[in-house]
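First comes the structure, then the notes that go with it.
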Amino acid sequence: SGVDLQVCTSENPTCCTKKMEERYQIAAKQDIQQVLQTSSATLKFLISRNAAAFQETFEMLIRLAENYTSTLFCNAYRNMAAEAAVHVQEFFTDVGLFLFGADASTEEFVNRFFDTLFPVVYNHVINPGPTDISLEYAECLRAAARDIRPFGNIPKKAVGHMARSLLPSRTFLQALNLGVEVINTTDHLHFSRDCSRALLRMQYCPHCQGLTLSKPCMGYCLNTIRGCLAGVAEVDLHWRGYIQSLEELSGALSGAHGIEHVLLNFHSLVHDALVQARINGPELSEQVNKICGPPVRKPKQSPGCSFDQNKHNQVLKMFSRDSEQTLTNRRKEFISHLRLYRAFYSSLADQLCGNELAAADGLPCWNGEDVVRSYTHRVVGSGIKAQSANPEVKVKGTDPVISQIIDKLKHVIQV
């Protein structure tokens, strides 16, 4: 008689027990999650694959730029190459940390690089002696570098270049990772009790009457799914804004301020800095003597150049030849694919009902109580506001998890 059924109640005798109804309830929720995940799979793959590819390309660029800079020292300043290599390596580690989201300041690590380079340049270029300067003396030089300005305005120029190229690329990567997070959030929704019962009524209650082949009417399916995804539809506006912002950002990433150009030309800035220090050597020596006194020296221990350029550059040359073009094209291609998903969240319910769930037009269909020729209730629109008139699902405002992901989208659009 089915007197103990909660949702699939009917006048007629039923095939379902309370236990079966509970199991159908779990199945209804799992089905809808499955359908949601299937519908977003290509979009999620598009974003996550590109996020990984851009990150890998940036890592490669950093390695290449580091090799160019080390090669500069090996070729032109061999006697200080080994000492400089440590600072070069530290600098490019900082570049990587910043690019992949660490809380750091470009100004800070660019200046730190030039400050730590100064004692090495003083020791080998400005005031070379038969022995090395002492550690304390080197420390005094490092601390005095900002006042003495041995490299003129080149550190300032480097700070400008780095900030302008690294920040947009870092934002681009963060935005892609957020895109994946948005999809993961909407793929794993927490359905309200009201929605869960509506899904059960739509998908499995006909089974309790032996109607295992009937599918829900299109209008009925739309009302149920739009009710369940009311919060998700609110993401639509911000998702469109997110894709537009990514498009604008992508346009700003190429050219003279592009990360490829700035990183791969960093070595020439270092070269200019060293030339400037050499030309102004006598004046710099005088200033140093005033601040740190005459050099205190210790026995020499500078090894030569340990950097095997050939091994590295074979692999990297192939990469660098067209890297700028490739990166720009890859970004353009990615954005043009992503653009096709602008309306993803506004049309999600229609997509689910049209592709998977509802009966085709003109066929007899299930309306929540019986198999009928067509659904007669009014079909409501998408989004929270439209649901007040929904005959199938009661909606009580936005899910806090959805509100949170909307806030993150707003934030990244602002950035």
- prompt: If you go through the stretch 146-164 one residue at a time, do you hit one that is open to solvent by 20 Å² or more (accessible area, probe 1.4 Å), on the phi < 0 side of the Ramachandran plot, modelled with pLDDT under 90 and among the aliphatic types (A, V, I, L, M)?
  reply: no
task: Among the residues of the stretch 206-247, write down those that are open to solvent by 40 Å² or more (accessible area, probe 1.4 Å), under 30 Å from Pro13 (Cβ atoms), part of a loop (DSSP other than H, G, I, E, B) and not hydrophobic (A, V, I, L, M, F, W, C).
output: Gln209, Gly210, Thr212, Lys215
message: Consider the stretch 346-366. How many of its residues are within 10 Å of Cys221 (Cβ to Cβ) and open to solvent by less than 40 Å² (accessible area, probe 1.4 Å)?
response: 8
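Quick check, is Phe113 at pLDDT 95 or above and open to solvent by less than 80 Å² (accessible area, probe 1.4 Å)?
Values: at pLDDT 95 or above: yes; open to solvent by less than 80 Å² (accessible area, probe 1.4 Å): yes.
Against the criterion (at pLDDT 95 or above and open to solvent by less than 80 Å² (accessible area, probe 1.4 Å)), Phe113 qualifies.
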field: Extreme residue, surrounded by the most Cβ atoms within 10 Å (Cβ to Cβ), among residues of the stretch 248-260 that are more than 17 Å from the chain's Cα centre (by Cα) and part of a helix (DSSP H, G or I)
entry: Glu260
- request: Looking at (1) open to solvent by 40 Å² or more (accessible area, probe 1.4 Å); (2) at pLDDT below 85, find the lone condition where Asn313 falls short.
  value: (1)
message: Only one of Asp103, Asp31 is part of a loop (DSSP other than H, G, I, E, B) and not aliphatic (A, V, I, L, M). Can you tell me which?
response: Asp103
task: Would you be able to tell me the number of residues in the stretch 377-393 that are outside any helix (DSSP H, G or I) and either open to solvent by less than 60 Å² (accessible area, probe 1.4 Å) or in contact (Cβ under 8 Å) with a residue 60 or more places away in the chain (or both)?
output: 11
message: Out of the residues in the stretch 127-143 meeting the condition of being of a type in the set (A, V, I, L, M) and surrounded by 19 or more Cβ atoms within 10 Å (Cβ to Cβ), tell me which one is farthest from His411 (Cα to Cα).
response: Ile133
The listed residue being in a helix (DSSP H, G or I), at pLDDT below 95 and open to solvent by less than 10 Å² (accessible area, probe 1.4 Å), out of Leu199, Leu263: Leu263
- request: Name every residue in the stretch 11-28 that is over 44 Å from the mean Cα position of the chain (by Cα), surrounded by fewer than 16 Cβ atoms within 10 Å (Cβ to Cβ) and either part of a helix (DSSP H, G or I) or among the hydroxyl-bearing types (Ser, Thr, Tyr) (or both), in order of residue number.
  value: Thr17, Lys18, Lys19
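Can you tell me which residue within the stretch 64-86, out of those that are farther than 14 Å from Asn265 by Cβ and polar (S, T, N, Q), is farthest from the chain's Cα centre (by Cα)?
For the stretch 64-86, the residue satisfying everything is Asn79.
The values are calculated or read from the model by the stated rules, or taken from the named source; none is laboratory data. Here the structure is a predicted model, which is why all the values come from computation and not from measurement. Cβ sites come from the backbone with ideal geometry, for glycine too, and all protein chains shown count toward neighbours. Side chains included, ligands, DNA and RNA excluded: accessible areas come from the protein's heavy atoms. Shrake-Rupley method; radii C 1.70, N 1.55, O 1.52, S 1.80 Å.
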